[in-house]
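For reference, the structure is listed below as structure tokens.
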Amino acid sequence: MILPLLSLIDQGIPPPWALVAQWNLAEPIHSSARAVETNDGSEPPRSAVPATNPANWITPLDYPLQLVGEGKEGQVAFKLAVDITGRPSSCAVTASSGNAILDSQTCALLIRRAHFKPALDTSGKPVAGQYSNRVTWKIPSPPPLKLGTSTVTVQFTVGADGVVRDCSQQRDLSGSLVLPVLSQSYCDLIVRFEPFQDDAGVAVERRVQMQIGGSVRLVENEPIGDKK
């Protein structure tokens, strides 16, 4: 099934089958950040706050593909422990969506993508903190399909040990359609690659580019009703 996902995202419209990540940042009871108390019991002057846009931590491309046909939706409330570097050290689901896959996907993505300005103690030194919020997973009704093409280009570095790093993904926005398989984040899926070797057989680091494409075209130019 081919969906006009690229054009929808470009216009800020939720894609038809994927996640709609609704961040409830305006509700203090569900959106809060606080610092862990210092040893002397004093409250730090600054709590942990997002250093990047939380809307980019979980996107419409992150909905688990195995749940697309099941119509699973739900809201996940979570609490992140934030270390002194501003990175999440752990994630806990404080209110389940009712689906274990959506719950685990939420925490897995947050651990990888969330980044904060760390909490500070009274002397301005970074300390551990916490951040709480919730995200809603929804599946909207699909819009009409139309013809088009789409290409995904993924670039990454393969280390001598086969571990993938420095991955980036770009979609060709000249196409208006994309297959669901092209909409997922390949950088989250590609974690290891067969190591490359030089002429002496020694494992070496290499930069790799992968392209995936899809298209939908008319089989015939003539309208079926005009045939005689």
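Derivation of every value follows stated rules applied to the coordinates shown; laboratory data play no part. As the structure is a prediction and not an experimental result, all values here were calculated from the model. Backbone-built Cβ (ideal geometry, glycine too); neighbour counts: all protein chains shown.
Taking the simple approach of a point 7 Å from Cα along Cα-to-Cβ for both L65 and I84, what is their distance in nm?
4.2
Take W57, W137 and order them by how many other Cβ atoms sit within 10 Å, fewest up front. Could the numbers behind the result be given before it?
Working: W57 22, W137 26.
Ordered from fewest to most neighbouring Cβ atoms within 10 Å, W57, W137 come out as W57, W137.
For A108 and T52, calculate 0.36 nm times their separation in residues minus their Cα-Cα distance, and state this gained length in nm to one decimal.
Working: separation 56, 0.36 × 56 = 20.16 nm, distance 1.71 nm.
Once the chain is fully extended between A108 and T52, it gains 18.4 nm.
Show me, for segment 94-107, the HN-Hα J-couplings you get by feeding each phi into the Karplus relation (A = 6.51, B = -1.76, C = 1.60, θ = phi - 60°), rounded to Hz, glycine and proline as x.
Taking θ as phi minus 60°, the curve returns 9, 8, 6, 6, x, 10, 5, 5, 5, 4, 5, 5, 4, 5 Hz for segment 94-107.
Using a Förster radius of 30 Å, what is the FRET efficiency between T157 and S123 based on their Cβ-Cβ separation? Nearest 0.05, please. List each step's numbers first, then the result.
Working: r = 40 Å, r/R0 = 1.32.
Step by step, r from the Cβ atoms, then E = 0.15.
Using the basic label-point model (7 angstrom from Cα toward the beta carbon), what is the V191 to A203 distance in nanometres?
1.7
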